[in-house]
Amino acid sequence: MEISYSFLYTLLVLSLATISHLLFKKHKRKSKREAKLPPGSMGWPYIGQTLQLYSQDPNVFFATKQKKYGEIFKTHVLGCPCVMLTSPEAAKFVLVNQAHLFKPTYPRSKERMIGPWALFFHQGDYHARLRKLVQASLSLDTIRGLVSDIGAVVVSMFQAWDGHVLSTFHAMKKFSFDVGILIIFGGDLEESYKQELKENYFIVDKGYNSFPTSIPGTLYHKAVQARKRLRAILSEIMSGRRRKGAVRNDLLGCLMGSEDEMGGARLSDDQISDNVIGVLFAAQDTTASVLTWIFKFLHDDPKLLEAVKEEQMAIFEANGCGSQPLTWAQTRSMVLTHKVILESLRMASIISFTFREAVTDVEYKGYLIPKGWKVMPLFRNIHHNPEFFPDPQKFDPSRFMGSPKPNTFLPFGNGAHACPGNELAKLEILVVIHHLVTKYRLEIFGSHNEVQHSPFPVPKDGLLARLRSERSEVVVAAADDVPATEKI
């Protein structure tokens, strides 16, 4: 019995000594590594600083951190350790110069909603192949032929809006969705398919940012089921095209006809479906958010609105007061309106940051970015830095008389994962502004100086507004009991 106790005692001492030695080495390694980490606070265990981030305007959170720690700092949000970067040079380092060291990363629940084959979840050859296909479908040569089609969508939207109080943001979401359908399927998709796609897509959209639980009845569970229906609808559309032997130049046609230059393999239906849904997601909320802010910015500056209207009326009158459609060349001549769009993109900074993940330990300016950590270039901080944009809280389109300094204006990202649809988005906005200021007055309701995040920043309630046709004498009596606080 004494031998047994002695043996156990010795074993315990050795074990404790070994554990202590390992903990000391681990602490030493950890201390060594932490000494190289950027400054900042990681907050509470696991929770980190997520509560601080979401209990206030996220932009205030980021700006406060930058003021305290400088252009690079660490934190812990959404269950992940993060390094945040607020300088143009750092953004270029992550997104362009050393992009191979940082992979795109998204929460698994969001990947499931869009589809794992969507191009923005990938790097390397597959990403390059898909990006080339999408860019071909969104090139200037392609979209220049869509001006009148986009104009028709705008006219239909405004006619339905005339006299009614609606959320500008929600109206613009439906508009950008319809343009997305036009780009993906061309102009002759059956109406029944359009309706099925719209109904199920908006269910997916509602569940995209909800808590990811599979309990029946939750937004997320409904979204998962709607995502399956979207896949089935897309399969039917593709099967129909194959039966007819139809060759199309729209995005779906490009994806279906694509062959791998290396091996000749075509994209699978799953790959095609994921990328179709990915394009719809990428094109919708961002464009709708920018358009909503433009309505507000024009409302807030009557002199600017009058100048934009003067520019657009010259084009409108040249087209026989709307009897002829807007042309591509005319959209290229909207100099002031284009500056308004650029300044709106800067001020609103709809995409405030982007997520990357370090695929290996990376050193930047003497700081360690450990493998597996999230890396977030903060676009809004760059766009609102007075060093690059003096008086950054002032809406001033004239600041775009010349080109901004390199890597200081990143509304569409940068590098291989920059938004391939940026020219389409600007075209949509130009066409909307043209029809708005030449044909309608806009009445704004409620508080429009408050901001809500859903998840992109938009004016409160999506900017409640009512359109009235300049040439219509019809007044919607049912809406008259809502007091208009401002008018465009």
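The values are calculated or read from the model by the stated rules, or taken from the named source; none is laboratory data. Here the structure is a predicted model, which means the values were calculated and not measured. Counting neighbours? That spans all protein chains shown, and the Cβs are built from the backbone with ideal geometry, glycine included.
Details
- Breaking point among (1) surrounded by fewer than 21 Cβ atoms within 10 Å (Cβ to Cβ); (2) within 30 Å of residue 179 (Cα to Cα); (3) touching a Leu at 6+ places or on another chain (Cβ under 7 Å); (4) not polar (S, T, N, Q), for residue 429: (1)
- Of all residues in the range 334-356, exactly one satisfies the criterion of being among the charged types (D, E, K, R) and at pLDDT below 95, namely 356.
- Qualifying residue in the range 401-421 (condition: hydroxyl-bearing (Ser, Thr, Tyr), modelled with pLDDT of 95 or more and surrounded by fewer than 17 Cβ atoms within 10 Å (Cβ to Cβ)): no
- One residue stands out in the range 232-253 among those that are in contact with a Ser or Thr (Cβ under 8 Å, 6 or more places away or on another chain) and either crowded, with 18+ Cβ neighbours inside 10 Å or free of Cβ contacts under 8 Å to residues at least 12 places away in the same chain (or both): the one that is farthest from residue 273 (Cα to Cα), namely 250.
- Contacts under 6 angstrom Cβ, first residue in the range 433-456 being at positive phi, partner modelled with pLDDT of 85 or more and buried (at least 19 other Cβ atoms within 10 Å of the Cβ), 6 or more apart: 446/464
- Residue in the range 117-128 that is within 26 Å of residue 428 (Cα to Cα) and not in a helix (DSSP H, G or I) present: yes
- Boolean, residue 351 is touching a Phe, Trp or Tyr at 6+ places or on another chain (Cβ under 7 Å), of a type in the set (Val, Ile, Thr) and closer than 27 Å to residue 394 by Cβ: yes
- Scanning the range 210-230 for residues that are crowded, with 18+ Cβ neighbours inside 10 Å and in a loop (DSSP other than H, G, I, E, B) yields a single hit, 212.
- Here is the figure for the range 73-98: residues that are in contact (Cβ under 8 Å) with a residue 60 or more places away in the chain and surrounded by fewer than 21 Cβ atoms within 10 Å (Cβ to Cβ) total 6.
- Options 446, 415; residue that is in contact with a strand residue (DSSP E or B) (Cβ under 8 Å, 6 or more places away or on another chain) and over 16 Å from residue 348 (Cα atoms): 446
- Hey, residue 382 touching a Ser or Thr at 6+ places or on another chain (Cβ under 7 Å), within 28 Å of residue 325 (Cβ to Cβ) and not acidic (Asp, Glu) or not: no
- Considering residues of the range 333-343 that are out of contact with any Lys or Arg (no Cβ under 9 Å at 6 or more places or on another chain) and not β-branched (Val, Ile, Thr) only, the residue surrounded by the most Cβ atoms within 10 Å (Cβ to Cβ): 334
- Of all residue pairs spaced 6 or more apart or on separate chains, those with beta-carbon atoms under 9 Å, a first member in the range 184-204 that is more than 18 Å from residue 254 (Cβ to Cβ) and a second member that is at pLDDT below 95 and not in a helix (DSSP H, G or I) are 197/189.
- Residue within the range 347-361 that is touching a strand residue (DSSP E or B) at 6+ places or on another chain (Cβ under 7 Å), without any contact (Cβ under 8 Å) to a residue 60 or more places away in the chain and either among the hydrophobic types (A, V, I, L, M, F, W, C) or over 23 Å from residue 58 (Cβ atoms) (or both) present: yes
- Helices (runs of 4 or more DSSP H) (entirely within the range 9-92) containing at least 1 residues that are at pLDDT below 80 and either over 16 Å from residue 364 (Cα atoms) or of a type in the set (Val, Ile, Thr) (or both): 50-54, 58-69
- Selection count where residues are loosely packed, with under 12 Cβ neighbours inside 10 Å, at pLDDT 80 or above and farther than 20 Å from residue 292 by Cβ, scope the range 433-483: 0
- Against the test of being of a type in the set (S, T, N, Q) and more than 17 Å from residue 127 (Cα to Cα), the options 258, 268, 273, 235 yield a single qualifying residue, 235.
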